[in-house]
Amino acid sequence: MAKPLIDLPVNTQAPLQVHVNRNGYKESMHEIDVAVCDADGKVILGMGDEESVIFPRSAMKPLQAIALVELLNSSADIPEFSNAEIALICASHNGEILHTEAVTKLLDKFDISIDELICGAHWSTHQETMISQVRRMDEPHKVHNNCSGKHAGMLILSKLMNGKTAGYAKLTNMVQQRILGTLEFMTGLDLMQYTHGIDGCGAPVFSAPLGNWARAFALFAGGGELPETRHNACQRIRKSIAAKPLYIAGHDRACSAINSAYGEAITVKTGAEGVYSAAFHELGLGAVLKARDGNKRGAEVAIGAVIRALGYPTSGLVKNFFEPTLLNWAGEEVGDITVPQFL
């Protein structure tokens with residue numbers, strides 16, 4: 001079990017600062033609000049405004065997946081999901097062939113066409129994959145969308161609950177209401193008292209204070225008491241992501257690298273606009289952070305700083321994401337990105 005490198009608890013009004021340095025000179029800075037909480041909502045490590053109301057975006061996907069996994073665990077009549085498929089329904093993936101084939105096969109198990117996805121189409125965000133797609137296709141399909149795994153899970157949940165798939169992404173649909181109930185249980189809030197909206201993929205997205213999202217991931221990490229069915233669902237999601245981390249994001253992605261490096265000890269998930277969530281299973285803690293400027297680069301370095309502060313090494317697979325160097329187009333090192341508060 002990890003031993004934190006700093007004396008906890010720590011709570012400061014100053015946000016975590018990520019410095020972008022060129023030849024030793026601070027050229028830019030990202031400010032990050034951080035909340036690391038236990039399952040009772042006690043702030044173990046707070047930096048900035050842990051009461052800041054945020055949209056966690058895709059960082060909440062492991063929590064959304066609980067609703068389907070609970071149902072899968074409750075019935076032997078439902079086709080079996082592999083570890084890769086469980087990870088996939090939590091994913092913000094690259095749209096690589098392994099992802100699109102897995103989504104297609106998963107929906108085929110339930111006689112659902114990929115054309116029923118409503119998440120919209122976009123080219124892969126992975127350069128090599130995108131080039132290959134452009135060469136062989138006139139346009140991308142919805143299955144290439146980074147959220148197609150989550151939407152596949154919602155389609156399947158809809159079919160299992162009511163035999164229908166139409167309207168599965170509408171907030172009033174019983175699928176989204178079931179997911180909403182799960183999120184409210186985990187955060188301890190009436191989420192409809194906060195602003196809700198539509199995510200980039202067309203599914204509902206909810207906002208709440210940073211600390212409550214962190215508390216939800218502490219429960220996910222096993223830091224508090226959950227009903228047995230919910231605990232088992234969280235554990236299955238944890239183990240599946242650890243077993244098949246490439247399905248949570250893909251090649252050259254921090255999210256896959258981090259989950260691969262720490263296995264079942266830490267589950268992380270990235271979200272748009274500079275969000276990261278983490279469940280520290282050995283410590284029973286949850287963390288959520290938000291870059292105030294919405295910058296992904298700042299969020300990746302910040303989650304590395306939090307992981308390091310809680311006592312975990314940051315070498316190997318994750319070092320290039322957590323302690324990146326800046327290169328010019330000739331490949332020469334010209335700067336770095338640092339977190340002075342945690343040096």
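So here's what we get for this one:
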item: Enumeration of residues in the stretch 221-258 that are crowded, with 24+ Cβ neighbours inside 10 Å, assigned to a helix (DSSP H, G or I), of a type outside the set (S, T, N, Q) and over 13 Å from the mean Cα position of the chain (by Cα); result: Ala233, Cys234
item: Residue list for the stretch 159-175, filter: within 16 Å of Ser148 (Cα to Cα) and of a type in the set (S, T, N, Q); result: Thr165
item: Set Gln193, Gln176: member being free of Cβ contacts under 8 Å to residues at least 40 places away in the same chain, closer than 19 Å to Cys90 by Cα and either among the polar types (S, T, N, Q) or exposed (fewer than 15 other Cβ atoms within 10 Å of the Cβ) (or both); result: Gln176
item: Residues of the stretch 207-225 satisfying the condition of being of a type outside the set (D, E, K, R) and farther than 17 Å from Tyr276 by Cβ; result: Leu219, Gly222, Gly223, Gly224
item: Qualifying strands (runs of 3 or more DSSP E) (wholly inside the stretch 279-343; at least 1 residues being without any contact (Cβ under 8 Å) to a residue 24 or more places away in the chain, surrounded by fewer than 16 Cβ atoms within 10 Å (Cβ to Cβ) and not hydrophobic (A, V, I, L, M, F, W, C)); result: 325-327, 333-338
item: Complete set of residues in the stretch 21-39 that are of a type outside the set (Val, Ile, Thr), part of a strand (DSSP E or B) and touching a residue at least 60 places away in the same chain (Cβ under 8 Å); result: Asn21, Arg22, Glu27, His30, Glu31, Asp33, Ala35, Cys37
item: Subset of the stretch 125-151 (residues that are modelled with pLDDT of 95 or more and in a helix (DSSP H, G or I)); result: Lys142, Val143, His144, Ser148, Gly149, Lys150, His151
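The values are calculated or read from the model by the stated rules, or taken from the named source; none is laboratory data. Note that the structure is a prediction, hence the values are computed from the model and not measured. Here the Cβ is made from the backbone with ideal geometry for all residues, glycine too, and neighbour counts use every protein chain on show.
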